[in-house]
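Visitor: Please read through the structure below; I'll follow up with questions.
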Amino acid sequence: MHNEPLAFRMRPRTIDEIAGQRDIIGPDTALYRMIKNGHVPSMLLYGEPGIGKTSLAYAIAGTSSLPFIAKNATVSGKKDIEEVVAEARLTGKVLLFLDEIHRFNKLQQDTLLPHVESGAIVLIGATTENPFHDVNPAIRSRCGEIRQLSRLEADDLMGVLQRALTDEERGLGKLSISIADGQLRKIAEGTNGDARKALTLLESVISASDEQNGVTVVEDWLVENLIGRIGVFGDKKGTHFYNLLSALQKSVRGSDVNAAVYYLAHLLEVGDLVAVSRRLLVMAYEDIGLAAPEVGPHVLAATDAAVRLGMPEARIPLANAVVEMCLASKSNSAYKAVDAAIRAINEGKTGDIPLHVRDAHYAGAEALGHVGYEYPHDTPIGSFGGWVNQQYLPDKLEGTEFYQPVLAGEEKRLAAIYERLKEFRKK
């Protein structure tokens, strides 16, 4: 009788047993050939939980002849690293797997770095966070490989599940189990590319199933009941959370309603309603903008309602906002204009404010020359209402155009007014 969980027992022993990740560790990759030929480079493995970072590290260790040590940065201290260094001095070289490497502090890194640089320690670091954001550059520079792993496909998980069912040494091969291919497929498709979850779910399903005439028979309702929310992943304020926010905004910008609603749903399941509402509000002005200016107030009303309602009802006004933004005309001209102005200021493209538009609400303003301003509301009403042809920008910037209209939706009308005003100013 095994005491360890099925997912632990079925962890790949060599790189030939790795499921998926063919572009990283498949037989035709350089990394596969290096490891097979006895050379293991220091590397960082990046990706969501359950997609094989730890399994890949252990498989590399099983293929290599190097002494292997596994540590977790959340609980390891300077003393643990010193022990690894001592082992490296004793054996000549060790393979260190360091999980959650982004949690290492500077002191721990300083202890480790020279030995990684000298080759005495071959480092395999794993992280769920983007290593270019959350791993110290000194660590990154000493890793010859930085690899982003992908979620496994359903077919890959089917292979993992079937191997577990037939493996008599580590898996369930010694048991008599009746489970249909359709039920296995449901597990493979319902665990979001996570091999650990798939194996854990398989073990739970079998443990909950009744035995009939010496055979454990799996029923459909058990599979459905245990899958539940197993596909939800998105650590609040973590890399994947921000990836979801980015995917939501880019889907809205690209007018893909179904993708946008999907990412909204995933974000709401993760549970940070405030962050989602803030992102939707900025999107209304960044991506919809002047092409459909009514959308901004609509989204503000929807996000206010969502915060007041809370989940699960909050999903309703937010879904309305997302669909409206997807189908609205798009313009980023206003924020592009202010960014262009900020860029000009930072580049030193500034000048004195014209005297006639400076503050004149105090005694002595006239003596300083703050005169000559013509009040547009007092001018005869023309094509645009009150308007007067006078200079507002500094002399050095006169004629500069930061605003470039987008000819979409309501902004077509605004662009026409803008062009007419430019013509008037030339007179």
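The values are calculated or read from the model by the stated rules, or taken from the named source; none is laboratory data. Nothing here was measured: the structure is a model prediction, and the numbers come from that model. When we count neighbours, we look across all protein chains shown, and the Cβ atoms used for this are built from the backbone with ideal geometry, even at glycine.
Visitor: Got at least one residue in the range 47-57 being out of contact with any helix residue (DSSP H, G or I) (no Cβ under 8 Å at 6 or more places or on another chain), surrounded by fewer than 22 Cβ atoms within 10 Å (Cβ to Cβ) and either free of Cβ contacts under 8 Å to residues at least 12 places away in the same chain or part of a strand (DSSP E or B) (or both)?
Guide: No, that holds for no residue.
Visitor: I'm checking my understanding of the structure. Among residues of the range 58-78 that are at pLDDT below 85 and buried (at least 17 other Cβ atoms within 10 Å of the Cβ), which one is farthest from Ala126 (Cα to Cα)?
Guide: Ser76
Visitor: Which of the residues belonging to the range 58-92 are touching an Asp or Glu at 6+ places or on another chain (Cβ under 8 Å) and outside any helix (DSSP H, G or I)?
Guide: Pro67, Ile69, Ala70, Lys71, Asn72, Ala73, Thr74
Visitor: Conditions first: (1) over 24 Å from Ile417 (Cβ atoms); (2) among the small types (Gly, Ala, Ser); (3) assigned by TED's automatic domain parsing to the domain that holds Tyr418. Ala337 passes all but one, so which condition is the exception?
Guide: So the condition that Ala337 fails would be (1).
Visitor: So if I check each of Lys106, Lys53, Lys93, which one is among the basic types (Lys, Arg) and more than 27 Å from Ile18 (Cα to Cα)?
Guide: Lys106
Visitor: Would you confirm whether or not the range 322-335 contains a residue that is acidic (Asp, Glu), within 30 Å of Arg279 (Cα to Cα) and touching a His at 6+ places or on another chain (Cβ under 8 Å)?
Guide: yes
Visitor: Next question, about the same structure. When you look at Leu165, is it surrounded by fewer than 18 Cβ atoms within 10 Å (Cβ to Cβ), of a type in the set (A, V, I, L, M, F, W, C) and closer than 21 Å to Arg13 by Cα, yes or no?
Guide: Against the criterion (surrounded by fewer than 18 Cβ atoms within 10 Å (Cβ to Cβ), of a type in the set (A, V, I, L, M, F, W, C) and closer than 21 Å to Arg13 by Cα), Leu165 qualifies.
Visitor: From Val160, Val116, Val94, which residue is in contact (Cβ under 8 Å) with a residue 40 or more places away in the chain and either in contact with a strand residue (DSSP E or B) (Cβ under 8 Å, 6 or more places away or on another chain) or aromatic (Phe, Trp, Tyr) (or both)?
Guide: Selected residue: Val116, the only one of Val160, Val116, Val94 that is in contact (Cβ under 8 Å) with a residue 40 or more places away in the chain and either in contact with a strand residue (DSSP E or B) (Cβ under 8 Å, 6 or more places away or on another chain) or aromatic (Phe, Trp, Tyr) (or both).
Visitor: Listed residues Leu264, Leu281, Leu245, Leu226; which is within 28 Å of the chain's Cα centre (by Cα), closer than 24 Å to Thr127 by Cα, crowded, with 16+ Cβ neighbours inside 10 Å and aliphatic (A, V, I, L, M)?
Guide: Answer to the selection: Leu245.
Visitor: Would you pick out the residues in the range 1-46 that are loosely packed, with under 14 Cβ neighbours inside 10 Å, in a loop (DSSP other than H, G, I, E, B) and aliphatic (A, V, I, L, M)?
Guide: Within the range 1-46, Met1 is the sole residue that qualifies.
Visitor: For residues that are surrounded by fewer than 23 Cβ atoms within 10 Å (Cβ to Cβ), closer than 23 Å to Asn3 by Cβ and more than 25 Å from the chain's Cα centre (by Cα), tally how many sit in the range 180-204.
Guide: 3
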